[in-house]
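The values are calculated or read from the model by the stated rules, or taken from the named source; none is laboratory data. Note that the structure is predicted; figures quoted are calculated from it, not measured. Reconstructed Cβ throughout: ideal geometry from the backbone, glycine too, with neighbour counts over all protein chains shown. Ligands, DNA and RNA are stripped out before the accessible areas are found, and what is left, the full protein with its side chains, is counted by its heavy atoms. Shrake-Rupley method; radii C 1.70, N 1.55, O 1.52, S 1.80 Å.
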Amino acid sequence: MRGLTGILAFRLAQAAGVALVVGVMSFLMIQAMPGDAAYRIAAARYGYDMVSSQAADAVRAELNLDAGALAQFGGWIADLLRFDLGRSVVSGEPVAHEIAHQLGATLHLSVVALLIALLIGPPLGVLAGLRAGGLLDRVLLVAAAGLRAMPQFLLGLVLIVALAVEAGLLPSAGHGRAAHVVLPALTLALGLAAGSARIARDLMAGIAASQHYAFARMKGLSDGQVLRHHGLRNIAAPLLTYLGLQFVFLAEGVVVVETIFGWPGIGHALIHAVFHRDVPMVQGTALVMGLGFVVLNALIDLAAGRIDPRGVTA
Amino acid sequence: MSLRSDRIGWALLLAVIGFALLAPAFDQTGPLKQSLLKALAGPDAAAPFGYDHLGRSLFSRLAHALRLSLTIAFAATATAAVVGIGLGVLAAWRGGWIDRALGLVADSVLALPALLMVLMMGVILPGMGAAFWAGIAAVQWIEFFRLTRRACRAVMDGPAVEAARIQGFGPAWIFRRILWPEIGPVLRTAMAFGVAGAIAAIAALGFVSVGVPAPTPELGQMMVELLPSWREAPVAVAQPVAACFVLLLSLNLIAGGRA
């Protein structure tokens, strides 16, 4: 089993790989843009009224734009490694500055969604797993299958129509008041809850049927004691690892859900950046999403190692 | 239970595919012809499912939207499967640095959401159809790669492969007779989830208006176009929603019980 340094080395290599993939894609995006890059950059720097062939030539000479694609690619990646993400083509603000602003909103939404998912999913899964084949188990199976077949945007649509428009309970979109977070968070949470409930159910059913579980009962522990001391700890580590892999779906959900509900976060920014062909912003948001996944999974690796020191990986 | 739900899944999927293939043959209006007088009108002989907000036949638009989604999704997943299985066998066969390098590439792409890949491809490639195909395939090959590598690694060191090599059988024979039976069974689940994911991704981006551009019928885009008139014509909005849901449900049922 890999030790602590092994895990961190793997995550570091993964982070470098993510940055490289995003860098290559962003470079290709720049190359695919129509028009002369020198004029575009000159326009971004000096304003559209001040662009002349002279200014464009100066930019070309300064940034070495005639050096060919390979040299440009080297420069692009070097900027990336120095965390120089450049400026947004649309707003003119540094990309890092914009993203730092949006990340707060996205984290707020994701944390609320994750809390709701954790409150619904694993407890239901554990209850169903303790009585595998029971009524709750079968209902949960059908509900989870239905939710899986429901993409997040469709779920969001149903929730908006049912809870915001018809019942008038919650605001359908916007940002600012506390009530605004409920619908987008619920949309994100239900999908995550369905997945984690299924996994928790399978893990719990496996543990509940095991010999050490039967032995703990036989020596006279109450149901609650057996569950707390022998059940939950055993399912926690693989469940955490599973949740870590689900973050990529959370990130994907964030893109769609933020756009639908007008939540001013990273996903919203990404869609707008793509719409306006704002490549530095696309690169920045993509990088934050990819690296966020790696960092969260590194933390989960460490937490799972604390919970289960034997180093079981799911 | 699993056999039955599996059959329901196939029946639903074949029904949807059948509708998408056959409907345009019975349709004279086409998906783009507008007749604003009939906007949001109910069904008639020319448009059995009624009209949308611009008076276009929903029957025709639904069939073409399903064709588009199914074509892109199957093409993307098939490409991902071929690339993933090929690289997976290569990694398990050669081991060493090839295995490690491919594993690192897979782990790096794994951190990036599929929608993000599609969006980035959309800027690079000329059409959204190509972008969906390339972006989805670029993410999905990892699943096939990992399944294949795991299944093959165990067999590669086993006596069957060694015996076949000693007898002089080539790589193609070993792949077909020894490795394929290991990969095949898990493939159906991965393919079904792959196609379902692709269809959901196409609809999701259509829904937030960065998918396939406007006049071309597409499920997510149809939903968002019809949404403002859902009080006047709830049946019109329900059609793309139901088509999308049935399609995804059928694929999930085919994939099998394990979520």
Is it the case, given these coordinates, that B:ALA134 is modelled with pLDDT of 85 or more and among the hydrophobic types (A, V, I, L, M, F, W, C)?
yes
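Specify which of the listed residues (B:ALA160, B:ALA172, B:ALA190) is of a type in the set (A, V, I, L, M), under 19 Å from the mean Cα position of the chain (by Cα) and in a helix (DSSP H, G or I).
On the way: B:ALA160 fails: under 19 Å from the mean Cα position of the chain (by Cα); B:ALA172 fails: under 19 Å from the mean Cα position of the chain (by Cα).
Residue meeting the stated conditions: B:ALA190.
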Among residues of the stretch B:101-131 being buried (at least 22 other Cβ atoms within 10 Å of the Cβ) and more than 9 Å from every other protein chain (Cβ to nearest Cβ), the residue modelled with the lowest pLDDT is B:MET128
Sole miss for A:LEU232 among (1) buried (at least 20 other Cβ atoms within 10 Å of the Cβ); (2) in contact (Cβ under 8 Å) with a residue 12 or more places away in the chain is condition (1)
Over the stretch B:235-259, the set of residues in a helix (DSSP H, G or I), at the interface with chain A (Cβ under 10 Å from one of its Cβ atoms) and either open to solvent by 10 Å² or more (accessible area, probe 1.4 Å) or at pLDDT below 75 (or both) is B:VAL237, B:VAL241, B:PHE245, B:VAL246, B:LEU249, B:ASN252, B:LEU253
*Would you say A:ARG45 is open to solvent by 60 Å² or more (accessible area, probe 1.4 Å), in contact with a strand residue (DSSP E or B) (Cβ under 7 Å, 6 or more places away or on another chain) and either modelled with pLDDT of 75 or more or away from chain B (no Cβ under 14 Å) (or both)?*
no
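Only one of B:GLY220, B:GLY197 is buried (at least 22 other Cβ atoms within 10 Å of the Cβ) and modelled with pLDDT of 80 or more. Can you tell me which?
Values: B:GLY220 fails: modelled with pLDDT of 80 or more.
It is B:GLY197.
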Checked B:ARG149, B:ARG231, B:ARG153, B:ARG177 against criteria (assigned to a helix (DSSP H, G or I) and surrounded by fewer than 15 Cβ atoms within 10 Å (Cβ to Cβ)); the one match is B:ARG177
Within the stretch B:73-98, residues being within 22 Å of B:ALA154 (Cβ to Cβ) and surrounded by 18 or more Cβ atoms within 10 Å (Cβ to Cβ) number 9
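Would the stretch A:125-132 turn up any residue that is within 12 Å of another protein chain (Cβ to nearest Cβ), within 23 Å of A:ASN234 (Cβ to Cβ) and touching a residue at least 60 places away in the same chain (Cβ under 8 Å)?
We begin by selecting, within the stretch A:125-132, every residue within 12 Å of another protein chain (Cβ to nearest Cβ); these are A:125.
With the extra rule that they be within 23 Å of A:ASN234 (Cβ to Cβ), the set shrinks to A:125.
Filter once more, keeping what is touching a residue at least 60 places away in the same chain (Cβ under 8 Å): A:125.
Yes, there is a match, as at least one residue in the stretch A:125-132 is within 12 Å of another protein chain (Cβ to nearest Cβ), within 23 Å of A:ASN234 (Cβ to Cβ) and touching a residue at least 60 places away in the same chain (Cβ under 8 Å).
Out of curiosity, is A:GLY253 touching a Gly at 6+ places or on another chain (Cβ under 7 Å) and within 14 Å of chain B (Cβ to nearest Cβ)? Can you show your working first?
Working: touching a Gly at 6+ places or on another chain (Cβ under 7 Å): yes; within 14 Å of chain B (Cβ to nearest Cβ): yes.
Spelling it out, A:GLY253 is indeed touching a Gly at 6+ places or on another chain (Cβ under 7 Å) and within 14 Å of chain B (Cβ to nearest Cβ).
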